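Below is one structure; the comments refer to it alone.
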Amino acid sequence: MKKSVCFLLGIFITFSIFAQRPIVQDIQAQAGRGAKINISWTLPKNPDKPITNFLIYRNTQQINSCQMLQELTPIAQVTPEATGYTDTVSDFNDYFYAVIAVTDKPYDLILLSFNATVTGTHVAIKTDNKEPERIELEKLYPEGTLRETPLPYVDLIDGIVKPEIISDETVNQTNSLITAAKKKKPLLKQYIFEEDLISPDAGDDFLLFEILKTTFVQKKYNEAISQLNKLVGTNIGESTRNRAYFYIGESEYLLGHYENAVRIFVKLESVYPILAKKWLESALDRI
């Protein structure tokens with residue numbers, strides 16, 4: 001019962017944190033009609049800064065870091081109320097998408113399955129054996145009457161609404177904002193759990209203590225990550241494993257790998273709600 005309560009509390013805290021960040025969630029990409037790919041997402045709730053617009057990115061490889069984002073040019077810009085976009089492609093390649101919110105600058109944090117697609121999507125391939133598609137006539141609505149169901153995506157019907165084309169000026173402004181220096185708060189300092197301050201006699205805790213003593217405490221963070229990953233891959237107790245993962249997250253953070261640190265601390269919030277939230281928010285502020 002206690003574990004269930006902690007787990008639900010961790011989920012609540014996680015969503016509370018991300019709800020205040022200008023990050024869309026639940027991004028989906030699906031093949032549409034013809035050469036269309038429909039992208040949809042859920043808007044962030046009560047972001048800490050007002051969103052001015054969203055930038056849509058496309059790539060033939062998974063977009064999984066802000067460094068990769070800097071090498072791409074957005075394919076479109078949509079309004080802050082938009083929850084979908086229809087892309088038009090000319091081939092059958094798998095495409096990956098990311099949606100980035102712009103406040104006073106682009107919030108270029110990439111979180112897979114939140115604001116970047118995990119798997120590629122390609123347009124539907126037509127075959128000769130397939131029966132001809134049924135052509136549906138567009139239903140006309142007299143002036144003053146409302147459509148029964150709003151269109152879920154812009155440009156769903158060719159010729160009605162065309163995708164917004166981003167100008168060269170906007171591209172240049174976006175690139176300059178992305179590369180601009182960001183104001184950073186002071187780094188958090190090493191945190192060591194009370195259980196790991198004194199050397200145990202033997203067992204799993206002793207193995208963890210030895211790794212921390214020879215790597216983490218001496219600020220050899222790359223080596224600490226390598227050895228801790230090997231340790232969590234063995235048959236050790238759950239408490240020791242959780243602490244080892246936390247030290248991996250700390251090491252990623254102290255190396256400046258903030259996106260890697262975010263992924264780890266999010267998973268640990270159900271175990272260490274207050275502590276993980278502190279490190280998670282600091283990592284997010286520095287991305």
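Here are a few things to note about the model shown:
- Total residues in region 34-83, condition free of Cβ contacts under 8 Å to residues at least 40 places away in the same chain and part of a loop (DSSP other than H, G, I, E, B): 9
- Of residues in region 218-244 being among the basic types (Lys, Arg) and not in a helix (DSSP H, G or I), the one surrounded by the fewest Cβ atoms within 10 Å (Cβ to Cβ): Lys219
- Yes/no for Phe206 being surrounded by fewer than 18 Cβ atoms within 10 Å (Cβ to Cβ) and in a helix (DSSP H, G or I): yes
- Of all residues in region 220-245, exactly one satisfies the criterion of being of a type in the set (Lys, Arg) and touching a helix residue (DSSP H, G or I) at 6+ places or on another chain (Cβ under 6 Å), namely Arg241.
- Within region 216-235, residues that are closer than 16 Å to Gly256 by Cα reach partners that are loosely packed, with under 12 Cβ neighbours inside 10 Å with beta carbons closer than 9 Å, at six or more positions or on different chains, in the pairs Ala224/Gln218.
Every residue, every condition in (1) at pLDDT below 90; (2) among the β-branched types (Val, Ile, Thr); (3) touching a helix residue (DSSP H, G or I) at 6+ places or on another chain (Cβ under 9 Å), yes or no:
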{"position": "Met68", "(1), (2), (3)": "yes, no, no"}
{"position": "Glu81", "(1), (2), (3)": "no, no, no"}
{"position": "Tyr85", "(1), (2), (3)": "no, no, no"}
{"position": "Ser90", "(1), (2), (3)": "yes, no, no"}
{"position": "Thr103", "(1), (2), (3)": "no, yes, no"}
{"position": "Leu112", "(1), (2), (3)": "yes, no, yes"}
{"position": "Asn115", "(1), (2), (3)": "no, no, no"}
{"position": "Asp128", "(1), (2), (3)": "yes, no, no"}
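The values are calculated or read from the model by the stated rules, or taken from the named source; none is laboratory data. This is a predicted model, so every value here is computed, not measured. Neighbour counts run over all protein chains shown; Cβ positions are idealised from the backbone, glycine included.
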